[in-house]
Amino acid sequence: MGKKSQSKLSSKKNANRENNRIVQKRKELAILADKLLRLTSIITQVSNIGNSWELHKQIEAVIKEILIIEAPFNIKTKQNPRHLNIENFLKWLNENVATFEGVEIGEFEGYEFGLKATKNFKEGSLLLTVPSKLMLTVQNAKESELSDFISVDPLLQNMPNITLSLFLLLEKNNPDSFWKPYIDILPEKYSTILYFTAEELAELRPSPAFESALKLYKSIARQYAYFYNKIHTSNIPVLKNLQEIFTFDNYR
């Protein structure tokens, strides 16, 4: 057998092993998603915060397993740091007739980027105008490849924020997206409770925000489990595009 034939055979074996590994990981994720869906369907009494906390720890344990398995699927193309994308974002705004005067994007210590005034404004002054075509909206999602899924899914029909989340995920992974200059300046992570460890979340326990935080985490975990099952079992073309990019880390 020649070297070329041996090389092709070796490559084929490696590809088969990789495919088998991915299939196995998907099976593990499907089991965990089902478990997560069951856990997040448990109703705890509002007055029993102890039970809610114990349930949260079970949910978080499953999420940790999911994050480990999904880590290879979270690999993103190398992007510039956010501040290097601002110039391109401003160019995109100008090209699409957004107007702003006396304000600029600035970095604030401890808060990352925000809008900074460069002059004094009178109360009621118009600071900027943004054409509707620049806004990433539910209507855009309904007119996209996601429309077939929206038309049959009751959650997407009744919760526009989730529709936008899935649409943003698709656009983020589309190098030719019209909104790419905007998406490129978005943070990779946020300071919401969805990124808190159990120890950090426990610090909220003396406050009324603790219960709300547990509810939010549980809700997002349930949404993830619900859509993971839908994406991997429904026969809708756009869902094939979501299969490789819909992860808990990308969704939260």
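Given ILE59, ILE43, ILE245, which one lies farthest toward the positive end of the charge dipole of the chain, if we put +1 on the Cβ of every Lys and Arg and -1 on the Cβ of every Asp and Glu? Comparing the listed Cα positions along the dipole, ILE245 ranks first.
Cross-link reach is defined here as a Cα-Cα straight distance under 16 Å, omitting same-chain residues fewer than 8 places apart; for LYS122 the aspartates and glutamates meeting it are GLU101. Hydropathy first: keep DSSP H helices in the chain averaging at least 0.5 on Kyte-Doolittle, then drop any whose Cα extent along the axis falls short of 24 Å, and list what survives. None pass (Cα extent of 24 Å or more, hydropathy at least 0.5). Semi-axes of the equivalent ellipsoid for the chain, computed as √(5λ) from the eigenvalues of its C-alpha gyration tensor and ordered from largest down, come to 35, 29, 19 Å.
With contacts taken as Cα pairs under 8 Å at a separation of at least 6 residues, the range 82-161 carries a relative contact order of 22 percent. With all projection directions averaged, the alpha carbon convex hull of the range 82-161 covers 8.1 nm².
With an 8 Å cut-off on Cα pairs and a minimum separation of 6 or more residues, tell me the relative contact order of the chain in percent. This gives 27 percent for the chain. Between MET159 and PHE196, the simple spin-label model (points 7 angstrom out along Cα→Cβ) gives 1.9 nm.
A straight chain from ASN235 to ILE105 at 0.36 nm per residue would run longer than the Cα-Cα distance by 42.5 nm.
Each residue, LYS215 and ASN20, gets one label point 7 Å from its Cα in the Cβ direction; the gap between the two is 4.9 nm. Only the Cβ atoms of Lys and Arg (+1) and of Asp and Glu (-1) were treated as charged; on that basis the dipole of the range 124-252 about its Cα centre amounts to roughly 240 debye. The separation of the range 142-213 from the range 89-103, counted between C-alpha centres, amounts to 26 Å. Once C-alpha pairs closer than 8 Å and six or more residues apart are averaged by separation and normalised to the residue number of the range 98-238, the relative contact order reads 16 percent.
Throughout, read-outs are computed from the coordinates displayed, never taken from laboratory work. In this text, all values refer to a predicted model and were calculated from it rather than measured experimentally. Using ideal geometry, Cβ is built from the backbone for each residue, glycine included, and neighbour counts are taken over all protein chains shown.
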